[in-house]
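To keep things clear, I will list the structure first and then write my remarks on it.
The values are calculated or read from the model by the stated rules, or taken from the named source; none is laboratory data. Note that the structure is a prediction, hence the values are computed from the model and not measured. Cβ coordinates were reconstructed from backbone atoms using ideal geometry, including for glycine residues, and neighbour counts include every protein chain displayed.
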Amino acid sequence: MKAKNASPLLAYLKKLIPICTLLCLLLISSCSPTDSVRPALKIFTLAVPSATELYFGEKRDFYVVAYFEQGAPVLSNVRIELFRGEIPLGAPVRLLESRLDENGVTPDAAILQNYAEGQGWNLDKAPDLVLAPGGFRYPGNKLLVTQKYFAGIILGGATKDFDTDYVDASGAALEDLTEGVYTLRVTVFSHGFILQAETLKLYFKPVFKLFGAFQPANHEGKLKAYAAANGYRVFLDPFAGYFFPEGYSVGNYKINKRWRPQNSLEVVNTVAGTSYGTPENARIGFILYNLVESGTTSRLEIGKALLTGVIDSPNTFFFRYDIGEPEIVYVNRASEEKTLAGLIVAFASADRLAFTRAEIRARGTGDGDNRYSLYDRTPKTQDLNLADGLQIAESEEFSVYGVVKPIATSVTETSYLYYAADNRIARIRYRIRNAQGEEVAATVREINLGRIYLADEPERLFYSIFEFEHEFDLGALRLAPGTYTLETTGLDVPGDEVAGTFEAITVQYALH
């Protein structure tokens, strides 16, 4: 019986040989000959790249940031590796290693001070500034370790001509991070023992990207939720070159010639040798809410779309709030406080102007065009459906709120990779017609909605270049009760009419 069972047993053992061999190879590849593995211990939590930001534009630089758990032991080394492929096998295409002092942190002597290209606010350290060993231009030492966190910067090729030798430890040129799947491995050591290692897959592949402002907080929350629900990529992790490990308002260090190219290529990738996210195939969207004229979304992101001629591409989309705000708190005509929730919706492709709502209130209680206070409790009616017109009494006035899109135009570079649009929809011409179609009034209004976000600073307005609020008092225009039509035409900076900006609202103007 034993002799008869030997053959199946040998066959089974032979099947195990390839599996065991593969496991051995994986173990060998994951540890250097001098590394030993200790039992699993939670030392750090990998925070950047975050779970929702694992897709990157081709040749992107990026940060790796992890935070130590309370009571973490003193480390002797931190290693960050990047492998091409879905498993950490073979030689890494990027390798960062720290050199720590007796306290387990990067010594101050190894951090460049007074860097001419950098600007710190309440922060004078960043992985970008590590200079030892190997010198400031050596990319393999760009790993900063502090008592609270460690962070490294991995160069992808987008800024390889800026303040870096872009070589590995042997002096060979690094290969650019082109399209594909990569595996990040982060390992911490104590005296040759591995205390913890984590891996994470990163995707250098095309994805739809959504851009916009991240203030106020209720807008940020809705933007993130909308992006998550639709599978869109947003950018909340710090761009390489814009370091804020404990929050932007706590302290930050920025290098414009590093971080701006990263942001720029994520909009439209014009780095030589790239294959996706280019002017020919970039898929991007912009939420037109609370965008200051000189801000990053307007100048760098929309500016890049204008520069590369994709603003009217079928792959470029615009979004807005259906009611003009993420949330509206107001007092109705019965003196009751009400709350309306806004939804992010897509702009119709052929339209360049959209109304979001109208407010109706007693005559003389308005505060002028392009002013919206979150704290205004003047009794009013909110009309969210302008398709069926407005009902206005002689004792009332109304405001219309809306949004316009950017238009194709040339740009002027105002600072490094920041571009001001040379033209835009700057004003709206309103024509008021009576029931017979005759023009009885006309007016031209500016586009630049100012929001009052601070209750104790009612005259401090935060302007949004693509939004508007315009007030109308038909009694002041000496119009008799009747049926009127309010028609719009958008005008650019020189005063020329812009296609796609015609809208018409019927107004029933009654005695009571």
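For (1) hydrophobic (A, V, I, L, M, F, W, C); (2) at pLDDT below 95; (3) assigned by TED's automatic domain parsing to the domain that holds E179; (4) not in a loop (DSSP other than H, G, I, E, B), each residue gets a yes or a no:
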position: E102; (1), (2), (3), (4): no, no, yes, no
position: A109; (1), (2), (3), (4): yes, no, yes, yes
position: D128; (1), (2), (3), (4): no, no, yes, yes
position: T159; (1), (2), (3), (4): no, no, yes, no
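To keep it simple, each residue is scored yes or no on (1) more than 16 Å from F211 (Cα to Cα); (2) out of contact with any Lys or Arg (no Cβ under 8 Å at 6 or more places or on another chain).
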position	(1), (2)
F235	no, no
F244	yes, yes
Y248	yes, yes
G251	yes, yes
K257	yes, yes
R260	no, yes
T278	yes, yes
N281	yes, yes
I284	no, no
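Only one of the numbered conditions (1) surrounded by 20 or more Cβ atoms within 10 Å (Cβ to Cβ); (2) touching a Lys or Arg at 6+ places or on another chain (Cβ under 6 Å) is not met by D128, and that is (2). Considering the range 365-391, and only residues there that are among the hydroxyl-bearing types (S, T, Y) and assigned to a strand (DSSP E or B), the residue that is nearest to Y509 (Cα to Cα) turns out to be T381.
I'd like to know if the range 137-154 contains one or more residues that are β-branched (V, I, T), assigned to a loop (DSSP other than H, G, I, E, B), within 27 Å of L417 (Cα to Cα) and in contact with a helix residue (DSSP H, G or I) (Cβ under 6 Å, 6 or more places away or on another chain). No, because not a single residue in the range 137-154 is β-branched (V, I, T), assigned to a loop (DSSP other than H, G, I, E, B), within 27 Å of L417 (Cα to Cα) and in contact with a helix residue (DSSP H, G or I) (Cβ under 6 Å, 6 or more places away or on another chain).
Scanning the range 392-399 finds no residues that are over 17 Å from Y509 (Cβ atoms), in contact with a strand residue (DSSP E or B) (Cβ under 9 Å, 6 or more places away or on another chain), modelled with pLDDT of 95 or more and of a type outside the set (A, V, I, L, M, F, W, C). Between R94, R84, the distinction of being assigned by TED's automatic domain parsing to the domain that holds G134 and either in contact with a Cys (Cβ under 7 Å, 6 or more places away or on another chain) or surrounded by 22 or more Cβ atoms within 10 Å (Cβ to Cβ) (or both) belongs to R94 only.
Conditions tested, residue by residue: (1) under 23 Å from F318 (Cα atoms); (2) crowded, with 20+ Cβ neighbours inside 10 Å; (3) in the same structural domain as P326 (by TED's automatic domain parsing).
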residue: A217; (1), (2), (3): yes, no, no
residue: G221; (1), (2), (3): yes, no, no
residue: Y226; (1), (2), (3): yes, no, no
residue: A229; (1), (2), (3): yes, no, no
residue: F243; (1), (2), (3): no, yes, no
residue: E246; (1), (2), (3): no, no, no
residue: K254; (1), (2), (3): no, yes, no
residue: W259; (1), (2), (3): no, yes, no
residue: Q262; (1), (2), (3): yes, yes, no
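For a quick check of your reading of the model, give me the residue pairs whose first member lies in the range 187-201 and is closer than 16 Å to P49 by Cα, whose second is outside any strand (DSSP E or B) and at pLDDT 95 or above, with beta-carbon atoms closer than 8 Å and at least 6 apart or on different chains. Sorted first by the residue in the range 187-201, then by its partner, the pairs are T199/P88; L200/P49; L200/L54; K201/L54; K201/E86. Of everything in the range 335-354, what is in a strand (DSSP E or B) and more than 22 Å from the chain's Cα centre (by Cα)? Give them in sequence order. Listed by number, the residues that qualify are E337, K338, T339, L340, A341, L353, A354.
Taken over the range 203-220, residues that are more than 25 Å from L374 (Cα to Cα) and outside any loop (DSSP other than H, G, I, E, B) amount to 4. Looking only at the range 308-327, decide whether some residue is aromatic (F, W, Y), more than 24 Å from F208 (Cβ to Cβ) and outside any helix (DSSP H, G or I). No, the range 308-327 contains no residue that is aromatic (F, W, Y), more than 24 Å from F208 (Cβ to Cβ) and outside any helix (DSSP H, G or I).
Determine, yes or no, whether F462 is farther than 28 Å from A435 by Cβ, in contact with a Pro (Cβ under 9 Å, 6 or more places away or on another chain) and either touching a residue at least 40 places away in the same chain (Cβ under 8 Å) or not acidic (D, E) (or both). Judged against the criteria, F462 is not a match. The set of residues in the range 187-220 being among the small types (G, A, S) and either modelled with pLDDT under 95 or under 30 Å from L129 (Cα atoms) (or both) consists of S190, G192, A197, G212, A213.
Going by the conditions given, is E301 buried (at least 19 other Cβ atoms within 10 Å of the Cβ) and among the acidic types (D, E)? Judged against the criteria, E301 is a match.
Scanning for something surrounded by 20 or more Cβ atoms within 10 Å (Cβ to Cβ), farther than 23 Å from F398 by Cα and either of a type outside the set (A, V, I, L, M) or at pLDDT 95 or above (or both), does the range 353-368 turn up at least one residue? No: zero hits.
Whether any residue in the range 487-494 is crowded, with 18+ Cβ neighbours inside 10 Å and acidic (D, E) is what I want to check. Among the residues of the range 487-494, not one is crowded, with 18+ Cβ neighbours inside 10 Å and acidic (D, E), which makes the answer no. The set of residues in the range 50-64 being among the aliphatic types (A, V, I, L, M) and closer than 17 Å to Q262 by Cα consists of L54, V64.
For the range 58-86, how many residues are aromatic (F, W, Y) and within 23 Å of the chain's Cα centre (by Cα)? Of the residues in the range 58-86, 3 are aromatic (F, W, Y) and within 23 Å of the chain's Cα centre (by Cα).
For the condition in a loop (DSSP other than H, G, I, E, B), among the aliphatic types (A, V, I, L, M), buried (at least 20 other Cβ atoms within 10 Å of the Cβ) and over 18 Å from the mean Cα position of the chain (by Cα), V250 does not qualify. Each residue in the range 221-245 was checked for being in a loop (DSSP other than H, G, I, E, B) and either modelled with pLDDT under 95 or aliphatic (A, V, I, L, M) (or both), and 3 of them qualify.
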